[in-house]
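Below: one structure, written as structure tokens.
The values are calculated or read from the model by the stated rules, or taken from the named source; none is laboratory data. Keep in mind that this is a model prediction, so the values were computed, not measured. A quick note on method: Cβ atoms are made from the backbone with ideal geometry, for glycine too, and the neighbour counts reach across all protein chains shown. Surface accessibility is based on the protein's heavy atoms, side chains included, excluding ligands, DNA and RNA. Shrake-Rupley method; radii C 1.70, N 1.55, O 1.52, S 1.80 Å.
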Amino acid sequence: MDVLSSVLSHFSLNANVFFSGNMCGTSDFSGDQGVGHLHLLRSGTLKVRSNSGFEVVLSTPSVIFFPHSTGHCLFSDKGDGADLVCAQISYQSGGHSPLLQALPFCLNYELTGDGLLAQSAFWIFEEAFKDASGKHLIIDRLCDVFLISVLRKVLEEGTIKSGMMAGLTHPQLAKVLTKIHQTPEQNWSLSAMAEECGMSRSKFADTFKRVIEQTPADYLADWRLSVAKKLILKNQNMDLVANQVGYENGSALARVFRKKTGQAPKEWLLSQQ
């Protein structure tokens, strides 16, 4: 399994398109907890301003993606307006995805050329600006594909220099991260992780801490806990959850859970409802 698929197999994201058409004037988006927003500009000029003061003007076909809960406003000319497709992004994990935590506040790309990003945007625009059966279902699915192509572009560009996304582009660390993501239940000792990368224990530990800004043990525990949270949200039995993420039993998982979150798993689950 490739590096991106190893993450998305556990923590998927889903688009729900709520607007497609010509927008004139101002639209305000509150930072609803646990969701992101995706805006694709087909034509016109669009100013985007976040509540924190970030501002950008888009005048060519572009995408702006706020992965996190971010309050922001869109402004377009009241005469010509802007042709837009807007989607709300929800996360299968309820916002507890390490992938989400690894992404920056905002991603912005021009939709030019013949790469997957531009091609998938073209398919979205083709479907969104016509009236055909199944239109809404199709553009939601196309936006899911588009989001994956955005994440692929982030990895290909390597612009994120620390954290999980940086690790996924590292020629050696990516190997062990992919294996950890696929098999968190495995007995991942420092030696086993270093061997997966073809590095000595000391070199591996130093490289991992420098690139990912966590020790291998902390990263492993956080990944296991993130997967466990996703399973707990599905009301799975704690002993079964523990076995799936590398702990002997539910009690062992609960100890780690409390240490990391300050709550017992049941307390945490109640706080999410």
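Computed values, structure above
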quantity: Residue list for region 103-117, filter: touching a residue at least 60 places away in the same chain (Cβ under 8 Å) and either of a type in the set (D, E, K, R) or in a helix (DSSP H, G or I) (or both); calculated: none
quantity: Any hit, region 88-102, residues being touching a residue at least 24 places away in the same chain (Cβ under 8 Å), among the hydroxyl-bearing types (S, T, Y), assigned to a helix (DSSP H, G or I) and open to solvent by less than 20 Å² (accessible area, probe 1.4 Å); calculated: no
quantity: Positions within region 156-179 being over 12 Å from L99 (Cα atoms), out of contact with any Pro (no Cβ under 9 Å at 6 or more places or on another chain), touching a residue at least 40 places away in the same chain (Cβ under 8 Å) and aliphatic (A, V, I, L, M), in sequence order; calculated: A174, L177
quantity: Residue ID - most open to solvent (accessible area, probe 1.4 Å), chosen from residues in region 7-54 that are farther than 17 Å from Y91 by Cβ and outside any strand (DSSP E or B); calculated: N51
quantity: Region 55-85, subset in a strand (DSSP E or B) and polar (S, T, N, Q), residue nearest to L142 (Cα to Cα); calculated: S62
quantity: Residue in region 245-263 that is within 25 Å of G158 (Cβ to Cβ) and at pLDDT below 95 present; calculated: no
quantity: Within region 183-197, considering residues that are in contact with a helix residue (DSSP H, G or I) (Cβ under 8 Å, 6 or more places away or on another chain) and in contact (Cβ under 8 Å) with a residue 40 or more places away in the chain, the one least open to solvent (accessible area, probe 1.4 Å); calculated: P184
quantity: Helices (runs of 4 or more DSSP H) fully within region 118-182 counting 2 or more residues that are open to solvent by 20 Å² or more (accessible area, probe 1.4 Å); calculated: 135-157, 173-182
quantity: Selection status of D218, over 25 Å from A242 (Cα atoms) and out of contact with any Lys or Arg (no Cβ under 8 Å at 6 or more places or on another chain); calculated: no
quantity: Selected residue (criterion: modelled with the highest pLDDT) from residues of region 94-112 that are closer than 13 Å to T70 by Cβ and under 8 Å from the mean Cα position of the chain (by Cα); calculated: L103
quantity: Residue identified as surrounded by fewer than 16 Cβ atoms within 10 Å (Cβ to Cβ) and under 21 Å from the mean Cα position of the chain (by Cα) among Q272, Q236; calculated: Q272
quantity: Residue under evaluation R255, criteria (1) assigned to a helix (DSSP H, G or I); (2) open to solvent by 70 Å² or more (accessible area, probe 1.4 Å); (3) closer than 24 Å to L99 by Cβ, criterion not met; calculated: (3)
quantity: Residues of region 198-230 that turn out to be of a type in the set (D, E, K, R), open to solvent by 50 Å² or more (accessible area, probe 1.4 Å) and either over 15 Å from A102 (Cβ atoms) or touching a Cys at 6+ places or on another chain (Cβ under 8 Å) (or both), as a count; calculated: 5
quantity: Residue check, C73 of a type in the set (A, V, I, L, M, F, W, C) and more than 19 Å from the chain's Cα centre (by Cα); calculated: yes
